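J.: Mind having a look at this structure? Questions to follow.
Since every read-out is calculated from the coordinates, none of them should be taken as a lab result. Worth saying up front: this structure is predicted, and the values here are computed from it rather than measured. Because the Cβ atoms are built from the backbone with ideal geometry, glycine has one as well, and the counts that use them run over all protein chains shown.
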Amino acid sequence: MELNAIQEEVDHWIKSIGVRYFSELTNTAILTEEVGELASLMARTYGEQSFKKPISDIEKKQLITEELADVFFVLVCLANQMDINIEEAFKQSMIKKTKRDIDRHKQNPKLT
């Protein structure tokens, strides 16, 4: 699915099931909350923190997958609200990063 189609699907869902978009500020707070939930899972899966009760690697991956999708959903909502075409924004971001970092990471001794 292309990003434009994802934006359309989210917009349709919001207008048919979600009633309307939350304000941009509310969605930014929700985004922060979702990123925090993802960060918590990452800290427990890959960092020094532990889960309250043991869970399998399959469950960990599923939880991380769900949180990544939640973060993405809210990002799409914000883009829709501000009339930003994510696909075009992503293409421009890749061009910017490529120009900026064409040799940067290859020359970073920390990455070798």
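J.: Which one of the conditions (1) touching a residue at least 24 places away in the same chain (Cβ under 8 Å); (2) within 17 Å of the chain's Cα centre (by Cα); (3) buried (at least 17 other Cβ atoms within 10 Å of the Cβ) does LEU63 fail to meet, given that it meets all the rest?
T.: (1) is the only condition that LEU63 fails.
J.: State all residues of segment 75-91 that are surrounded by fewer than 11 Cβ atoms within 10 Å (Cβ to Cβ) and without any contact (Cβ under 8 Å) to a residue 40 or more places away in the chain; if no residue qualifies, say none.
T.: ASP83
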